[in-house]
1. Within the range 53-65, is there a residue that is outside any helix (DSSP H, G or I), modelled with pLDDT of 95 or more and of a type in the set (Val, Ile, Thr)?
2. So which residues in the range 23-45 are more than 13 Å from the chain's Cα centre (by Cα) and either of a type in the set (S, T, N, Q) or surrounded by 17 or more Cβ atoms within 10 Å (Cβ to Cβ) (or both), if there are any at all?
3. Within the range 122-144, track down each residue that is part of a helix (DSSP H, G or I) and of a type in the set (Asp, Glu).
4. Would the range 35-49 turn up any residue that is over 13 Å from Ile91 (Cα atoms), at pLDDT below 95 and touching a Gly at 6+ places or on another chain (Cβ under 7 Å)?
5. Which ones in the range 83-105 are at pLDDT below 95, outside any helix (DSSP H, G or I) and of a type in the set (A, V, I, L, M)?
6. Output the residues belonging to the range 18-64 that are closer than 22 Å to His85 by Cβ and aromatic (Phe, Trp, Tyr).
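The values are calculated or read from the model by the stated rules, or taken from the named source; none is laboratory data. In this text the structure is predicted, and so the values were computed from the model without any measurement. Cβ coordinates were reconstructed from backbone atoms using ideal geometry, including for glycine residues, and neighbour counts include every protein chain displayed.
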Amino acid sequence: MDADPANLTVTICTRDGRPARAPGLARWLVATAPARARGTVNVVLTGDAAMRRLNREWRGKDYATDVLSFPDDDDAPRVRGQARHLGDIVIATGVATRQAREAGHAYGTELRVLALHGLLHLLGYDHETDEGQMARAERRLRRKGGLPSGLIEREHEA
């Protein structure tokens, strides 16, 4: 079945593409995403060692980070009715568990914080170089989605 290009479709999986357990995460991200988030997104849950390797390979940083986003660079023409793949969001489950504990909320809440942050990166936001646009978008969307705090806010509190 073809995905509707006017909607967001989220798949939660492991590194090897098998379905991963994250109850309600896909549905929440679809409901919370900005209207311009149209296409498909994979949220990949992986271990800290694999995330460390990805972070080292793609960013030159030798540690397991919490979330990485890999936008789809494919500019190939789309078949009518076929959804565009926005990219992949990779979340380190061990880091997410520790951050949830430190923030005093559930692991599922932390997955939402990280998935939302990753989705904004897929949409072209970059809090390291913009003038607060991503922070404002994250703040607005986390309120919409009922999140207590966002990743960018926590960075600035530390």
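1. Residues of the range 53-65 outside any helix (DSSP H, G or I): 60-65.
From the residues that got through so far, the ones that are modelled with pLDDT of 95 or more too are 60-65.
Going one step further and asking which of them are of a type in the set (Val, Ile, Thr), we end up with 65.
Within the range 53-65 (the criterion being outside any helix (DSSP H, G or I), modelled with pLDDT of 95 or more and of a type in the set (Val, Ile, Thr)), the answer is yes, since at least one residue qualifies.
2. Passing the criteria: Arg38, Gly39.
3. The answer is Glu138, and nothing else.
4. Scanning the range 35-49 turns up no residue that is over 13 Å from Ile91 (Cα atoms), at pLDDT below 95 and touching a Gly at 6+ places or on another chain (Cβ under 7 Å).
5. Ala83, Leu86
6. Result: Trp28, Trp58.
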